[in-house]
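Notes follow once the structure below has been shown.
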Amino acid sequence: MPTSYSIEHAKSGRASCKTKACGEKIDKGELRIGSSAPGPGDYDITKWYHVECFPFPRKLKSEGETCQSFVESILEDDEGVLNNEEKAAEIIALLEQKGCRKKVGAETGETLPQGASDAIAIIKRNAELIAQEDAEDDEDGPKSKKVKTETEISEVDRAKAEILSMFSSKKVDELKDILRWNKQIVGGNKDALLARVIDAKLHGRLGRCPSCLRGRVKLTDEDGGATVFCSGWFDEEMQVRHSCFYKAPAAQAPRLQPFYTEEPTEEEKEEMEAQWEATKLGSAEAVAAGEDGMSVVAKLVGGIEDFDLSSNPGIKKATADLVAAVTGIVDIPNDEGKARMELGKIVAMNKSSSKEEILQAIIDQFGLQAVNEEQSKTKAKAATSVCGHPANAPVLEAIMELSSLYFKEGNGNAGGTYRKVANAIKDLDYEVTAENAKGLGKGKTKVNGIGKGSAEKIHEFLETGKMAKLEEKRAGQV
């Protein structure tokens, strides 16, 4: 059994931090990170550390894990500590100070800033060069230096330097207020806060993840904000966190406007909330293609006769009328018999409700067809962007959906297993086909994180276009 890692509040004050440089007691209620490995008997041995003292494992670093991926995907969190995005960002920042950052771009030779502090230092250097440029404009003499700086500093970098001058004198609490007004992450040191403010001022507020359609996109601290990612979302109803693998260049991230540098009014706050809710539809195309449920209800209700739900024949007629009315608009099952059965259940459960309320219940359960189609396109595009080989995106989507459905029914073990499978598929740099799929789970071609059963499901999906277990779980959600 491999080493596992967890985070929790200390249950007592008895345990000591196992870092040699510390060795102090961890106070009761203080956050701590545990490293658990099999002991000599039938039990595990756990070593506890202060968060700021935790030594990032070399093995994980060699496997390409970073502080961010460690916190978001590896660290077990039974107490839900990491559901607070601000707290998660603070923990990542503390771990980075311990030196767990991975050198981004090392494989390609690309030089990228190592964290927010490097990114801000680069912007400051550019600002100094621009200031020298401006000074030369007022002087006579050779322009060689000016030509050089104009060539090296892009328009985007010039804009960042200008924005930095606007906010660099702000105190930490003032920067946090600005980010909080715009519903952005407020954890980290001043450089991290400045990097987020500069990015949002330049491009707009970071919006909803186009892949999972539930999480909020965040700047990646480790590459100085060159990319963005989504770590997933927390299901309040099921009390389960769902992972997401979305990653993209910061310039391609979903954005919302405007960015507020002063506290928004109550009316502006309501507009921001409405804007955020509208993005549940997915991409801008989805928003444009689909109407909201209320407007669809208003259009449909006039064409449906009044219901008499006091008898079975009345329920059957109402169901048939509803199926006819919503076909092609609401994303109900294609099979008419199944559609009648599913809509009949909704009618029977809402016999005392109005036509409008029943129609809304149907839309809430199945969604609008045009919107669902656009959401599927958006998710497919996002899955393609994160896969080591783009052809594996459909498999990744199917496995991620299966993981989420297991979590929804309360089976965290199976949900976590398929989340690991999805993570393994995401990182593959070759195409998974029906011919090589079974080899992912056994023998010399076995991939870490994928077992025999999972490999057989992947083979089934690639061979037939469907996965029986996924269809079963989908049916159970209806």
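The modelled label-to-label distance for the pair Asp177/Asp134, using points 7 Å beyond Cα in the direction of Cβ, is 2.6 nm. Summed over all non-identical Cα pairs, the Kirkwood treatment of segment 372-444 gives a radius of 12.9 Å. Listed by chain and number, the lysines whose C-alpha is less than 22 Å from the C-alpha of Lys269, apart from same-chain residues fewer than 8 away, are Lys176, Lys183, Lys201, Lys218, Lys280. Among the DSSP helices (H) of the chain, none spans at least 24 angstrom by Cα along its long axis with an average Kyte-Doolittle hydropathy of 1.6 or more; this is a geometric and hydropathy rule only. Here segment 296-320 and segment 167-243 have alpha carbon centers that stand 46 Å from each other. Check cross-link reach from Lys381 to the aspartates and glutamates: straight Cα distance under 20 Å, and skip same-chain residues fewer than eight apart. Those aspartates and glutamates meeting the cut-off are Glu285, Glu373, Glu397, Glu401, Asp427, Asp429, Glu431. Residue separation of Met341 and Ser165 scaled by 0.36 nm, minus their Cα-Cα distance, works out to 57.1 nm of gained length. List the residues of segment 42-75 whose backbone N lies under 18 Å from a point placed 7 Å from the Cα of Lys25 along the Cα-to-Cβ direction. Taking a point 7 Å out along Cα→Cβ of Lys25, the residues of segment 42-75 whose backbone N falls under 18 Å are 48-51.
Heavy-atom surface analysis with a 1.4 Å probe gives the chain a carbon and sulfur content of 49 percent of its accessible area. Hey, with R₀ at 35 Å, roughly what FRET efficiency would Glu268 and Gln365 work out to, going by the Cβ-Cβ distance, to 0.05? E between Glu268 and Gln365, to the nearest 0.05, is 0.55. In this simple spin-label approximation, Asp118 and Ala320 carry label points 7 Å from Cα along the Cα→Cβ vector, and these lie 7.0 nm apart. Taking all protein chains together and rolling a 1.4 Å probe, Tyr49 ends up with roughly 20 Å² accessible. Among the lysines, which fall within straight-line cross-link reach of Lys355, defined as a Cα-Cα distance under 22 Å, with same-chain neighbours fewer than 8 residues apart omitted? Qualifying lysines at Cα under 22 Å: Lys299, Lys316, Lys317, Lys338, Lys345.
In nm, give the distance between the simple-model label positions of Asp429 and Lys466, each being 7 Å from the Cα along the Cα-to-Cβ direction. About 3.7 nm, to one decimal. Our summary gives segment 1-84 a relative contact order of 33 percent, counting only alpha carbon pairs under 8 angstrom and 6 or more residues apart. In the chain, the DSSP-assigned H stretches of four residues or longer account for a calculated mean residue ellipticity at 222 nm of -15000 deg cm²/dmol, using -39500 (n - 2.57) per stretch and the full residue count as denominator. Most tightly packed first, judged by the mean number of other beta-carbon atoms within 10 Å of their residues, the peptides 260-270, 192-202 read 192-202, 260-270.
Scoring 19-27, 383-391 by mean Cβ neighbours within 10 Å over their residues and listing the highest first yields 383-391, 19-27.
The values are calculated or read from the model by the stated rules, or taken from the named source; none is laboratory data. Remember, it's a predicted structure, so these values are computed and weren't measured experimentally. Don't worry about glycine lacking a Cβ; one is built from the backbone with ideal geometry, like all the others, and counts go over all protein chains shown. Please note that ligands, DNA and RNA were not included when accessible areas were found on the heavy atoms of the full protein model with its side chains. Shrake-Rupley method; radii C 1.70, N 1.55, O 1.52, S 1.80 Å.
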